[in-house]
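Working notes, structure below.
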């Protein structure tokens, strides 16, 4: 007969767990919920708009694959920190800086955002047919993407002083 003892986190460990690991769990759950909504939207698109151009359908198909991979990523992050690093709180927290799976998350999400926003800019240009309307928006999107690239670099480099300035 085996006896098991459970140890509850208290004090600083509880605070660290709730502030560093909890958001990954909540974010993963929200991501899966929203992925369900996206799946419904994708099914509706491919069912209702069969006559769309092949390029647009391919664009949406790539978006389906990328968002599914992002949801798999969210599950993997939660699994690794909760199962693989079970009982090693400091190790699980350090994953935020030492593993590309964690530190690359903002860059991956920004890449998906840029992909979708590029289509919105294309549609805006198609409707307005004025480059000077679209150019400032594209410039902002590119600046935001470059900013997250720099931010991801500093996160991966674990350069706390530089991150703090941001």
Pairs, first assigned by TED's automatic domain parsing to the domain that holds residue 111 in the stretch 151-164, second at pLDDT below 55 and in a helix (DSSP H, G or I), C-beta under 7 Å, six or more apart = 154/162; 154/163; 155/163
remark   = residue 98 fails exactly one of (1) more than 25 Å from residue 15 (Cβ to Cβ); (2) loosely packed, with under 15 Cβ neighbours inside 10 Å, namely (1)
inquiry  = Kindly evaluate residue 110 against the criterion of being surrounded by 14 or more Cβ atoms within 10 Å (Cβ to Cβ), in contact (Cβ under 8 Å) with a residue 12 or more places away in the chain and closer than 24 Å to residue 40 by Cα.
reply    = yes
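With respect to residue 113, determine if the residue is closer than 30 Å to residue 146 by Cβ and out of contact with any helix residue (DSSP H, G or I) (no Cβ under 7 Å at 6 or more places or on another chain).
Details: closer than 30 Å to residue 146 by Cβ: yes; out of contact with any helix residue (DSSP H, G or I) (no Cβ under 7 Å at 6 or more places or on another chain): yes.
When the stated conditions are applied, residue 113 passes them.
Identify the residue in the stretch 55-70 that is touching a residue at least 12 places away in the same chain (Cβ under 8 Å) and surrounded by 14 or more Cβ atoms within 10 Å (Cβ to Cβ) and, among all such residues, is nearest to residue 93 (Cα to Cα). So that I can check it myself, show each step before the final result.
Start the filter on the stretch 55-70 by keeping residues that are touching a residue at least 12 places away in the same chain (Cβ under 8 Å), which leaves 59-60, 62-64, 66-68, 70.
Of the ones still in play, those that are also surrounded by 14 or more Cβ atoms within 10 Å (Cβ to Cβ) are 59-60, 63-64, 66-68, 70.
Working: 59: 36, 60: 35, 63: 31, 64: 31, 66: 26, 67: 25, 68: 25, 70: 21 Å.
Applying the filter and picking the extreme gives 70.
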note = Matching residues in the stretch 78-91 (in contact with a helix residue (DSSP H, G or I) (Cβ under 7 Å, 6 or more places away or on another chain), assigned to a helix (DSSP H, G or I) and modelled with pLDDT under 80) number 1
note = When restricted to 31, 52, the only residue out of contact with any helix residue (DSSP H, G or I) (no Cβ under 7 Å at 6 or more places or on another chain) and surrounded by 13 or more Cβ atoms within 10 Å (Cβ to Cβ) is 52
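The values are calculated or read from the model by the stated rules, or taken from the named source; none is laboratory data. On a predicted model such as this, the values are computed, not experimentally measured, just so you know. We place every Cβ from the backbone using ideal geometry, glycine too, and count neighbours over all the protein chains shown.
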